[in-house]
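Trainee: This is the structure, below, for whatever I ask next.
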Amino acid sequence: MKYHIFTLGCQMNIFYSERIDAVLKSCGLKPAPEDKADLIVVNACSVRQSAVDRIYGKLRKWQGKKIIITGCILPHDKRKLAKKVDLIFDIKNLPKLPQFLSQIYSKNYHAIEHDSMRYSLLRNKLRNKGEAFVPIMTGCDNFCTYCAVPYTRGREISRPEREIIAEVKELIKQGSKRIILLGQNVNNYGGDQRLVASAQRKSPFVTLLKKLSKLPGDFKISFLTPNPWNFPDELIELVAKEPKLSKEIHLPVQSGDDEVLKRMNRHYTAKEYLQLINDLRFRIHDLRLSTDIIVGFPGETKKAFENTVKLCKMAKFDKAYVAMYSPRPGTAATKLYEDDVPYEEKKRRWQILNKMINKN
């Protein structure tokens with residue numbers, strides 16, 4: 001039987017799609033283009049309405065095929081899609097995928113290996129470009145008002161340090177040249193264990209980076225995605241001095257207006273963000289800085305948008321991922337605020353920032 005995996009969303013979903021791929025291959029299934037596949041596995045993303053709309057657009061083309069959905073998906077979207085597909089399962093239940101296949105096809109399927117480490121190693125063999133994603137934590141405790149992640153991925157849970165180091169060692173042995181550590185709030189690694197950066201206690205994330213950097217081999221380490229309000233001085237110092245740490249940093253700003261940031265539940269001001277950027281640029285040679293920005297958030301006036309444009313000019317980002325705000329059912333922003341910026345105005349603001357920052 002042939003399958004096709006349709007992936008939406010962030011790097012975390014790409015990682016999980018590789019694990020899904022490894023499980024399906026271990027069951028004896030063969031990958032194929034979507035028009036040739038008998039089974040479609042959608043690794044979904046509910047963070048943007050546009051991503052959900054793409055699934056509905058594809059469903060019409062997939063008539064006659066078996067369809068399974070997993071990934072980052074809100075309860076609201078899950079209820080609506082459940083009527084149109086054969087199965088929706090939580091990505092945490094990936095080891096049970098062979099059982100799910102057996103139920104759908106009335107045939108016994110068995111995976112070769114159910115160990116999470118083995119999945120990681122299997123999927124990495126399929127990657128090219130010498131890079132590998134390594135999630136070090138899942139979930140998020142920040143509850144930014146626009147974001148669906150805490151409702152789809154749950155609260156923050158950090159992987160054991162020894163497990164991460166063992167996996168990275170094996171990936172380096174396989175020839176990986178770039179290790180990308182993943183987390184929704186990656187620099188809060190260990191926070192669920194009450195281990196936070198302070199004068200008395202070192203940041204668990206910095207400790208992990210130091211240990212990984214000491215591993216022998218020719219490789220680089222980067223990480224996605226840190227938050228501006230939890231970027232300790234010791235992390236800046238380590239990135240600046242450690243040659244194995246990438247000098248490319250992705251630091252989401254979302255808005256350059258203090259009132260909008262407050263409504264977003266982002267715990268910094270535009271001034272504080274720029275101070276951090278200036279510190280990074282001063283101390284890290286050859287820094288390349290990218291960011292995320294949302295335009296058209298409820299209450300974003302023309303003046304508020306101008307403040308974002310001003311911040312972007314001062315920050316001099318090398319790249320920006322600009323998104324138009326879309327209400328997500330169940331998030332605080334949808335409950336608290338009216339989506340009062342017209343679509344055409346959102347689009348206009350998106351075009352201004354995209355053209356200004358992403359010139360190439």
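FYI, it's all coordinate maths here, none of it is from the lab. Because the structure is predicted, anything quoted here is derived from the model rather than measured. No Cβ is skipped: glycine too gets one built from the backbone with ideal geometry, and neighbour counts run over all protein chains shown.
Trainee: Given that just one value was derived from the coordinates, which of [x] 20.7; [y] 23.0; [z] 21.8 is Kirkwood radius over Cα pairs in Å?
Mentor: [z]
Trainee: Can I ask one more? Hey, what number do you get for the chain at 222 nm if only DSSP H runs of n ≥ 4 count, each worth -39500 (n - 2.57), divided across all residues, to the nearest 500? Don't skip to the end; give the middle numbers.
Mentor: Values: 14 runs with 145 residues, N = 360.
Computed ellipticity for the chain at 222 nm equals -12000 deg cm²/dmol.
Trainee: Provide Thr269, Thr207 in ascending order of the number of other Cβ atoms located within 10 Å of each residue's Cβ, fewest first. Walk me through the intermediate numbers first.
Mentor: Numbers: Thr269 14, Thr207 17.
Listed from fewest to most nearby Cβ atoms, that is Thr269, Thr207.
Trainee: Let me ask something additional. Looking at the chain, which Cys residues are left with no other cysteine's beta carbon under 4.7 Å from theirs?
Mentor: Cysteines lacking a close Cβ partner in the chain: Cys10, Cys27, Cys45, Cys72, Cys140, Cys312.
Trainee: Something else: With charges set only on the Cβ (+1 for Lys and Arg, -1 for Asp and Glu), what does the dipole of the range 127-246 come to about its Cα centre, in debye to the nearest 20? Don't skip to the end; give the middle numbers.
Mentor: Working: 19 positive and 13 negative charges, 74 e Å.
Its charge dipole is roughly 360 debye.
Trainee: Given Cβ point charges of +1 (Lys, Arg) and -1 (Asp, Glu) and nothing else, what value in debye, to the nearest 20, does the dipole of the range 2-105 about its Cα centre take? Can you show the working numbers first?
Mentor: Values: 19 positive and 9 negative charges, 53 e Å.
So the dipole magnitude of the range 2-105 works out to roughly 260 debye.
Trainee: If you don't mind, another one. Show me the ranking of peptides 96-108, 11-23 by mean Cβ neighbours inside 10 Å, starting with the highest. Mind showing how you got there, number by number?
Mentor: Values: 96-108: 15.1, 11-23: 21.3.
The packing order, highest mean first, is 11-23, 96-108.
Trainee: Now for a separate question. Lys and Arg at +1, Asp and Glu at -1: add these up for the other residues within a Cβ distance under 12 Å of Asn278 and post the number.
Mentor: Working: positive: Lys271, Arg281, Arg283, Lys316; negative: Glu272, Asp279.
Residues close to Asn278 contribute a combined charge of +2.
Trainee: Report, in listed order, any pair from Lys65/Lys173; Lys83/Lys335; Lys25/Lys177; Lys241/Lys355 with a Cα-Cα distance greater than 32 Å.
Mentor: Working: Lys65/Lys173 39 Å; Lys83/Lys335 26 Å; Lys25/Lys177 25 Å; Lys241/Lys355 34 Å.
With Cα atoms farther than 32 Å apart: Lys65/Lys173; Lys241/Lys355.
Trainee: May I pose another question? Just grab the label-to-label distance for Arg348 and Lys58, each label 7 Å out from Cα along the Cβ direction, in nm (one decimal).
Mentor: Label at Arg348, label at Lys58, 3.5 nm between them.
Trainee: Net charge near Met1, counting Lys/Arg +1 and Asp/Glu -1 over other residues with Cβ under 10 Å of its Cβ? Walk me through the numbers on the way to the answer.
Mentor: Values: positive: Lys2, Lys30, Lys66, Lys107; negative: Asp38.
So the surrounding residues net to +3.
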